[in-house]
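Please read the structure below before turning to the comments.
The values are calculated or read from the model by the stated rules, or taken from the named source; none is laboratory data. What you are looking at is a predicted structure, and each value in this text was computed from that prediction instead of being measured. Note that each Cβ is placed from the backbone with ideal geometry, even for glycine, and that neighbours are counted across all protein chains shown. Each accessible area value is taken on the protein alone, full model and side chains, heavy atoms only, with ligands, DNA and RNA left out. Shrake-Rupley method; radii C 1.70, N 1.55, O 1.52, S 1.80 Å.
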Amino acid sequence: LRLSAKPNGDWRKEVLAFLYRLRDGGTLTDWNQVAFLFRSVKGDKAVSLANYLEGNGIPVYSPRSNQFMDREEIRLMIGALIFLFPQFPDVRKWADDAHLDIWDYYDQRCFNPFVSELRKPEHARMLAWAKKLAKRHMSLGKNTDYAFAGLFYEMLQFPLFSHYLTEEAMKGVDKGRAARNLAAFSSLLTKFEYLHFVNVLNPEYLDRNLQNLFNQFFRFLGDGGINEYEDDYEYAPSGCVSFLTIHQSKGLEFPVVVVGSMEATPRKQHTELDEILEQNYLSRPPFEPLEQTKFFDFRRLYYTAFSRAQNLLVLACQEKEGRGATPTKYFRDLFSSLPSWREPAFRPEAIPFELVREINLKREYSFTSHITLFETCAEQYRFFKELEFAPVRVGAMMFGTLVHQTIEDIHKAVLRGEEHKVTPEQIDTWFSVNYAMLSKKDRVYLAPQTQEAARKQVRRYVEREGGDWGRLREAEVEISLVKNDYILKGSVDLIRGENDTVEVVDFKTEKKPDLEKERERMKQYRRQLEVYAHLVEERTGQKVSKMHLYYTGESDGNPYVSFTKDHGSIKKTIAAFDDIVSRIETGDYSMPSRPAKICPECDMHHYCDQKSWKYRNEGN
Ligand code: SF4
């Protein structure tokens, strides 16, 4: 079909009327059956159409359209950060007449809207809070105990931002885009702080930090473009029409495809370097004459676009005459030969539109990084796993990782048949290399005595084994099992055994606890081992006879805590695992109460303290 508006008309109105016609025809049941394809979704035309449709109640899903910095939640957050540092307008200038384009964005699109919001009576609490802090930052006398990311998390408590984060907001057609954008923003701030060694606000460095953050970091990110959240598990979210580039649409199909970009002409895509390479270094004849390539590329591109349609293909444009005539001569004949959607012969009710094919990609879940976290605090799971907020300080697990990795080096050497390499000197070398790598990566350092304690744990393990590595089967085994609704994953530290049975071992780098007092924790570990046993049996067919925890921190007594395998108990554990996965997948993050012990250390506590909780009934 052809869809267009004459030069004095507005094609956006035509598009809207066309979409309504499709919907009212009754056979189009979800907006996600319609995709708009453009050469670029960042162009004025595509953006203006997207805004127009959204303004008229048709949500647009446009991955990678580079609107991150334009989003309200991001502009308000940047505006808020600027408000908190009143010295910013002076600090940002390196000379009296200095100017950066992004300052206009900061002032007009971030700061001003934030201030107008702040003036509203419902934000009085935030205003009082922000004024106090701004005053403090203006004449900072000593170090604070927070930096930019800390301020960000504190601001999430106020309704101006907290309303983006509710469970309901995540269930909207855009899957909580604003919440996900704020999460991405948290990750940018923590990255900035990591790169610039900012842990706190320091009077001496504050001006420089502000310059780096606003004049460079955000500016470069804004120029380069920041992608918004994309749900890899759903390429055409229900309730939205999609706006995609033709390139992005490769391999996808939609019942209705509207191709814009009728103003396009063939463009040379290759560089001089390609020409030199092809003419001088290609050992076979050129695939096609180089001077023709741009025309062929053009056809290939639009072949891709046109062939995405399952039921209906529409070519659409705002017609234009004279210079930059649209459609261009490359489309003109084709375009004018098509029937207009306005013709009475077009009857969408007669077209049985396909439904968008579901991509049945399964998500991966593991006991330690998903289930335990969810059980500890489902809200924390929602923020840090599902929405992917970045914590201000990642808890340092250096000690445990160091011991784990060095033990892994030992096991791997044995499994390679290099048992003779497991000498005290070599262990020291592995240990030092691991320490150097980890401390560089995490910027965490251990005092010499602590390093020595970690080294001792490794040595003691080796001594206890007494060179008897004969039963070692596999180390650091990543196992995954495809279940009906998800993929169950686990990483088993050690599998050892003889004949047909094996045992799984998980290392804990602490002293063996009092088993009575730590009954709950032991139950948790047992379930973890049961998941591993289930994985090993299902994936490898080997029978697991026992499951062990090995405490490398135990110096005198027996370092093991062993469990015999109980089929019934494993079944229960896996059923509970299934339940939690199904709650995660359906977005049920309700909890019976807040985990009081861990809240004070959690970055979300400002938000959670203000949230009006609806607790889950224990009986549920
Ligand atoms: S503050 Fe407490 S309730 Fe809120 S996410 Fe963190 S741990 Fe969970």
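Can you say whether Val444 is more than 16 Å from the ligand (Cβ to nearest atom), within 23 Å of Tyr194 (Cβ to Cβ) and either over 32 Å from the mean Cα position of the chain (by Cα) or touching a residue at least 12 places away in the same chain (Cβ under 8 Å) (or both), as far as the supplied structure shows?
So Val444 fits the description; yes.
Please count how many residues of the stretch 27-75 are free of Cβ contacts under 8 Å to residues at least 60 places away in the same chain, more than 26 Å from the chain's Cα centre (by Cα) and at negative phi.
5
Name the single residue, out of those in the stretch 550-602 being within 28 Å of Thr450 (Cβ to Cβ) and open to solvent by 40 Å² or more (accessible area, probe 1.4 Å), that is nearest to the ligand (Cβ to nearest atom).
Result: Ile598.
Tell me the residue from Ala179, Ala124, Ala95 that is crowded, with 20+ Cβ neighbours inside 10 Å and small (Gly, Ala, Ser), please.
From the options Ala179, Ala124, Ala95, the qualifying one is Ala179.
Any residue in the stretch 570-599 that is of a type in the set (A, V, I, L, M) sitting within a Cβ distance under 6 Å of a residue that is open to solvent by less than 20 Å² (accessible area, probe 1.4 Å)? List the pairs, counting only those 6 or more apart or interchain.
Ile570/Glu530; Ile580/Ile371; Ile580/Phe374; Val581/Tyr365; Val581/Tyr486; Met591/Ala378
Here are some conditions: (1) among the acidic types (Asp, Glu); (2) open to solvent by 80 Å² or more (accessible area, probe 1.4 Å); (3) within 24 Å of Asp44 (Cβ to Cβ). Glu291 meets all but one. Which one does it not meet?
So Glu291 meets the others, but not (3).
Let's see how each residue does on (1) in contact with a strand residue (DSSP E or B) (Cβ under 9 Å, 6 or more places away or on another chain); (2) under 20 Å from Met604 (Cβ atoms); (3) more than 16 Å from the ligand (Cβ to nearest atom):
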{"site": "Gly322", "(1), (2), (3)": "no, no, yes"}
{"site": "Lys329", "(1), (2), (3)": "no, no, yes"}
{"site": "Ser340", "(1), (2), (3)": "yes, no, yes"}
{"site": "Leu361", "(1), (2), (3)": "no, no, yes"}
{"site": "Arg393", "(1), (2), (3)": "no, yes, no"}
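Taking the criterion of being touching a residue at least 12 places away in the same chain (Cβ under 8 Å) and under 30 Å from Ser261 (Cβ atoms), would at least one residue in the stretch 361-373 satisfy it?
yes
Where residues in the stretch 603-620 are near the ligand (Cβ under 9 Å from one of its atoms) and outside any helix (DSSP H, G or I), which of them is surrounded by the most Cβ atoms within 10 Å (Cβ to Cβ)?
Among them, the one singled out is Asp603.
Which residue out of Arg284, Arg300 is open to solvent by 50 Å² or more (accessible area, probe 1.4 Å) and assigned to a loop (DSSP other than H, G, I, E, B)?
Result of the check over Arg284, Arg300: Arg284.
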